Structure formats: C-alpha cells, structure tokens
Amino acid sequence: MLASTPGPYAQIGARLVERGYAALPIMPGTKRPGVPLGDGSFIGLDDWAARAAARLPLDIEIDRWSASPAGVCVALGNASSGVIAADIDTDVPEIRDAILAVLPPSLTGKAGQKGETLFYRGSPSFPSRSFNLPGPDGRPTRVLDMLGSGKQTVLPPTVHPDTGHPYRWTRPETLDGIDPADLPWIDDDIGERIAEALKPFGYAPEPERPQRREVAEGEETPHRRVNNLAMADLGAWVPDLGLYRLRRRGGGYVAVPTWRPSHTGRALEKRGLNLKIHPQGIRDFHDLERPYTPLDLVMAARGDELDQAFEWLAARVGFGEGIDLDLQPRQVEERDGVLFDAETGEVLDAPARAEPQPTDAAGDPRDFPLADLQVSGLVGEIADWIEATSPKPIRLFAVAAALLTVGTLIGRRVYCGMPRSGAHLYALTIAGTGAGKERPQEAMRQILDAVSSTRLHSGASSSAASLAMRLAERPVQVQIIDEVDKVLARSGNRNANAQERELVQDYCTLWGRGMGTFIPNSTTTRGDIFIHRPCLSFFGATNFVSFYEHMKAKLLANGFLNRFLVLPRFERVRARRPRLAEEIVPASIIAAAKRLFEFQDAPPAGADPRRHIAPSTTLHDPVRPPEMRVIEMTPEAQAIYDACRERDERMLERADKDPLFEAWVRGAEMTKRIALIVACGRYVDSDLAGAVVDEADMRFAARLVDWSLGLFVSGLRENMAENDHQANAKLVLGHLRKSNRAMTRTELYRRVDARMHSRDLDAVIGYLKTSAQIEELEEQTTGRPKRSYRLLP
C-alpha cells in the first residue's frame, strides 16, 4: 500500500543524493535501514553499509523509496564524501560545553530525544569513537559518539521511535541544503582532544577491541553463542522486548511484528499475532522467506544496530553482564576435582586436565582488561613469576601482590609529589571460593623473606594494642590477611569492643600518616609509643558473598572502606599445571628486590665502609627513620594526577547527597602511590638514581583506580545494608536482577535457603511489592495459579 502523503524520504532523500550523500530509507517506527516491498511492507537491510559504500542510490531506488512512508538516514564516512557526525548524547551543560569547546563550529545539526548531532567532513581514515563518563551511580553513561564510515544517523523529518515526534534541525543549515565539501573539516585526532576535555568529568579511555579474526567452520563466535543462549532461555529476554500483544503459547511466545505494516491494512489493535517465537525457531508468518535469529529480532523490535543488539541481548542471557555491575556471582564448590554450583548442584566443570591451560583468559566484561595489566620493571617481573607458579593464575591479583611487595621494599624512605605520598597501599582481592587467591599471598611472603632477615610481613592484628606493638617493632610491614571479611565483621559489629573499634580507626589513621607521627591511643605494655613515618600496607582476600554480607554504612562513613583498592575477579580461571615450581624464587627477582631494598646502603664516596651504618639496618627504628628520597613527576604525569584530584573534589560534592561517592575522595592519592611504586620498580638497576614518575606510570594507575572505585560503588549500592531486613531485601533483589527474569517463590527460597527463614522471605516479598520494587505475576494453570515475581524498572 502506497503512502497517501509524502514520507520523510520523499521530502529530502532525492536532494541529499543529488548533493552526494548516501541517503538510505529507514523502516517506519525504527532507526534501522530497510527497503519497502511491493505490498507496502518493509524488510531490514543487513548489508546497508556495504551497499552505501559501493555506490549512491539509483534513480529507480529513490523513486521507489520516496513512494513509501520510509524515514531517511545518511550513511556516514566515505559513502557520503567523508561526512562525519558528532552525536552529543547529553544535556548536562558543563559536559556539553566541554565537548563543544573542542569541536569546530558547525552550521548543521539535528536533534531527536536528547542532545544534538553536528555534521562535519573528515578524512577517509577518520576513526569512529565513543566516549563514556561515570553516571550518577558510577556506571558508564554515553555522552558522545564520533561517527564515521560504517555508521549512519537518522535525519529529520523522520519520526523518532521513542518520542513519537519528528527529528528536528537545530542549526541554520539543513544537511540537504549544503554540499559535503562545505561542511567544516574535522581532524583525525579530535578524539584525543575530546578525551582530554572530558578527563575532569571522570573520562578514562576504554580498552581497544581485539582485532577481528577469521572464524573456522563450526567454531562458536560470540554472536552465535549469544543467539544459542537466547534460544535456550526465551523467558530471559523476550518479555523485555516490549513486543505488542505478547502472549505465551505452545512453549514459546506470539506477538504482533509492529516494525512492518499490515499486509491487509488493518489497524494495529486488530492485527494478527503473526510473530512466533519458539525454541525451535523465530518466524513472521507473513514473511516466511526470512527466518529471524534472536539478534535479528532485537534489531527489528528495538531499531538497534548489531552492536547495540548484541550488548542488550548478551546482558540478559548471561553472556557477560554488560554494565549491570553485580558483585555476587554464582558460588562454586569443588569436590573430588569437580566444580558444582553451590546453590543448584549443577556440574560446572570436569576435573582439570593435566596439560597446561591458558594462563588467564578473562571473558567477563566487568574484569579489568588483561592488556592493561602488562607492567614494566620489577612489578611486572614479580607478577609474571606469580602467574607462572599459580595453579589458577589471575593476573590482576598477581599485579596487586607485586605492587604491595615493591611498595614494602621501599617503604618509609621513598615519597612522591606535593603533598608527599608514600608507597603503602590497602588492597582487597575478591573472587569465588577456590578461585586462586592464595598463591599471590604466599609469593609475597617468599620474596620479602628472601630479601630481609627481619620479617616485613605479618598477619591480622586482633586489637589496636596488638597493631601498635607490631608497628613499634617493625614500622615497615605488609599485613597479609586471607579472610579479611572476619576483620570487617568484628569492626562493623555493633557489639564490637573498644579495642576492635579502635583498630579500625588506627588503620584509617595509618593509611594517611606516611609523613607524620603515629601515636596509638590504645594501652600497651610498652608505655607511650611514637612511630615516625610508618609504612603499613594491607593485602586482604575474601569471596563475594562473605565480603558483602558485612557491608555496613558506618564502615564507609568512618573512612575505612574508602582507603581500599578493591580488586574483584569475576571470570573463573581453570586450574592448570604451573609452569614453574612455586618454592623457588628466581635469583633475578631476589637480586633486584634486594638492590631496591638496599638502594641507600652504599657508603658515600670516600667514607670508611667500616663506620658506615646501612639505612636498611635502621629501617625499623620507630623514631629515627632513614633519609627520605623524593621521586618527582613529569609534567604529563602531574597533569593526570591533577585531573584525578579535581575528579575527587567533584565526587566529594556529590557525596553530600549520596554518601557512596565518598569512596572516590582518595582516588587521586591511591593513583599517585601506585604510580610511584611502578616507577621505582623500573629504576632498580640505578639504585633509583634519576627515577621519575612518568605519564605511563600515572595512566596505568589511574585506569586501575577508576575501574576499582566504579565497581566498588556499584557493589555497595547493590549490597550494603544496615539491618537484617534490608540485607534480606537486597539479597532477593540481587537474585532477581541476576536472573533477568521472573522467579517463583520456590525458586527464590531455594536460592536464599540457609540465609533466610521462610517467613522472612514472605515478609521481604511483601515489602518489595508494597514499595513497588517488584511485581507479582499470576499465570492461570489447571490447578492453583502460578505466581512469580520480577523487578520493576
């Protein structure tokens, strides 16, 4: 059926093509390119980018598209003489102004739901790039897309599928009224300048995607894997598509395919349920020539491009979790070498094979990118050795252990920046039970014991008095604590005694007292204790459930949690045979570590060696520490550090309304300490002579800290509770969120069994329904109705 009034493509499509733009039709009610068929229906174009790149539309195509109600878009980049679009997807004035201050002025722009898209001209190699900033909840929020070849953008007067209103032009010129050659030029490096402008708002570049490789026949690609998972669990994603008149039927679903017009011209409410979604396949019974995959259906129903559809669908079928940060993965038990799901009893993995396995193939998108954990110098060498001797190697934990080891070796003597920052850190590694947390702890002890006859490590302190006594004997040390949640449980307990409460306060004080004097308030057997320039590091390990069970707001308010570099590992690493024997520390690492530890010990030129006292031997004098060495930062490193400090100030202002943002206020200080440690590890051979913290050191540290704090805040928001009722409510919400589908009461009870009584579960369900956080669904059966519960938006 032909349109009675000119559609959007009919209004400007021909003029766009005449000026050299690759103008393509858009399927009505979507953002997806598609062409009209003879009967008035539309079919999506999967190869629109290749078609646009090959040639401009022909006159016969323009006439056919103009006779339909098709919308209009323009293919960008080389297909349209180098047209580039800057899609500003934010209405925050400060962020928008920062972006516009970098972009050249443009007389051509359009807007849809929010923000604005500006048009430019660029080189054939102009790189498309996306920019995300931390949102109000700490999760990434898209603020800008620079779009080049292979991308398209929808133009006015096409109707926006979400608002129901046409796109509109926002600048004096319209794109169909200006030649591509007259658009302002934009350089290929504009992305780097935009990145610099967005750093004050918390921007950190995303890791580069690995190069696409050829797929062997029969190999399961990520897209195929997502499609297979989706077909096996329709309930996890089909209800979320918002399909019109969606109904359950015959083990699957039926709905109206609204992205194409009715073949008989029926009104929407009278159209048949021709879309059949079943585990055996997805079909539109008025479009039998084209079977749908789940990704095809998502693109058609939502108007997404393939990348957007993949991200949306993957997050719902368990292929990674997108940006929905949930720090409670499934709990796994190991019995006789076989891994089981602790909740369901499902067999997850067979016994580990004898042959070597890949070291650390992180597949969960929440994990820190492995490519960014390749550190130079002694830190990297130690991390490599820990990985090589681990039966379950986790690079993130190996690097963390290496950082605290090197920081302890230079503790009390090496500082950086203004104000001075020492080399002590608090780090907390989190992973599932039996996931590989133990080996990095033992490796730290091995290296430190090989370097110094005086122990530089200890276990957990049971009280403030115990901590004071240990520091008086060894002002430089790292406490290595395997089950740190027990420390948190004691300190966060409302029945904690004075010594336990004081212990937490002393940990907080010592984190920031690298340059001052620590005077314990607790009573000890040694009278008054004064420790000048203490250097206490803290390396803890725990699992997800144990850690978040003990999260209390007062641990955040008193600043204890704010001082930790929280390092979760989500993807489980398979066991494999270590490449090196764990009991042997390489001689090269011992020699380098000793040289770093003794970097001040050489007597001055002309001095009598017999009368020289090596600073490393006086390291544990609590009152008279060795001479201090200051490591400077390069101007580039200083600029990154200053941007981190500005970010912390903004987060502190936001913490007035949301206390969870207090977790960010020490991010810059953590960043500087990590960068200092990495830098010193690179100057071992010169005894730190000429050592500087450079831009690479600071960038690595900033990426690690930003990632850690973002996940930490998200995890707190999902799990922190003040009482048992609140903890139970968050537990139920967490299981519903993780499942991404409705769950029956029986399923919920099975998930929370042993952590919640039946009556408590009923009370929580009632509370969550009353507070409009979940909804109850009722399905009629031959017997009693089946009730299930799902999250409300």
Packing-based order for 24-30, 292-298, using average beta carbon neighbours within 10 Å, highest first: 24-30, 292-298
Anisotropy class of region 724-791 from Cα gyration tensor, a/c 1.5 cut: prolate
Ranked by how many other beta carbons lie within 10 Å on average, peptides 561-568, 532-539 from highest: 532-539, 561-568
Extended-chain gain in nm, criterion 0.36 nm per residue less alpha-carbon gap, ASP372 and ALA607: 80.1 nm
Per-peptide average of other Cβ atoms within 10 Å, ordering 418-431, 627-640 highest first: 418-431, 627-640
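Where a number appears in this text, it was derived from the coordinates with a stated rule and is not lab data. Note that the structure is predicted; figures quoted are calculated from it, not measured. Glycine gets a Cβ as well: all are built from the backbone with ideal geometry, and neighbour counts include every protein chain shown.
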